[in-house]
């Protein structure tokens, strides 16, 4: 899937692979080590961060252009048992937003679906955390 954004300089088309690569880059930061893993909507762990290809994760990401011209990004993760879901998702969302803001991508909403919690095995969950942002324009 791609999103096309028109501005004074022309039209830019952004594929989900770009979003996936950026999200995986953020998940690869040391503070998320052994706390967050990419997942599909069926609670299947896609692998360790360094093992997952952006093209593979792109198939699991949903993006859309909202009426106000902002981008909505939605993806699934698995969290570590004992990790604070609210703290981890808030920090992850903020880091993703800041990365896209540096690239001048107008992200307005990030939906993080917690599809599982990992201990010895993965326990299925169905939680959605939504963060809204107002990017600089």
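Between 11, 63, 89, where does the largest GNM mean-square fluctuation fall for the chain, given springs only between Cα atoms within less than 10 Å?
Top of the fluctuation ranking is 11.
What's the extension gain from residue 125 to residue 111 if we count 0.36 nm per residue and subtract their Cα-Cα distance?
Separation in residues times 0.36 nm, less the Cα-Cα distance, equals 3.5 nm.
Take the Cβ-Cβ distance between residue 132 and residue 102 as r, set R0 to 25 Å, and report the resulting FRET efficiency rounded to the nearest 0.05.
In this case the efficiency is close to 0.85.
Can you tell which of 49, 30, 114 shows the greatest fluctuation in a Gaussian network model of the chain with Cα springs below 10 Å?
Between 49, 30, 114, it is 30 that shows the largest mean-square fluctuation.
Using every alpha carbon pair in the chain, what percent of pairs falls into each 5 Å bin from 0 up to the bin containing the largest distance?
2, 10, 22, 24, 20, 11, 6, 3, 1, 0, 0
Please determine, in degrees from 0 to 90 and to the nearest 10, the orientation of helix 16-27 with respect to the longest principal axis defined by the Cα atoms of the chain, where the helix direction is its Cα long axis.
Roughly 50 degrees between the two axes.
Pick out which of 126, 68, 41 has the largest mean-square fluctuation in a Gaussian network model of the chain, springs linking Cα atoms closer than 10 Å.
Evaluated over the chain, the most mobile residue of the options is 68.
If R0 is 35 Å, what FRET efficiency do you get for residue 8 and residue 86 from their C-beta distance, rounded to 0.05?
Working from the Cβ atoms, E equals 0.35.
Tell me the angle of helix 85-102 to the major Cα principal axis of the chain, expressed in degrees between 0 and 90 and rounded to the nearest ten.
That helix lies at roughly 30 degrees to the long axis.
How many nm separate the modelled label positions at residue 15 and residue 44, each set 7 Å beyond the Cα in the direction of the Cβ?
About 2.1 nm, to one decimal.
Read the figures in this text as sums done on the coordinates, not as results from a lab. The structure displayed is predicted, hence computed values, not measured ones. Heads up, the Cβs are rebuilt from the backbone with ideal geometry, glycines too, and the neighbour counts pull from every protein chain shown.
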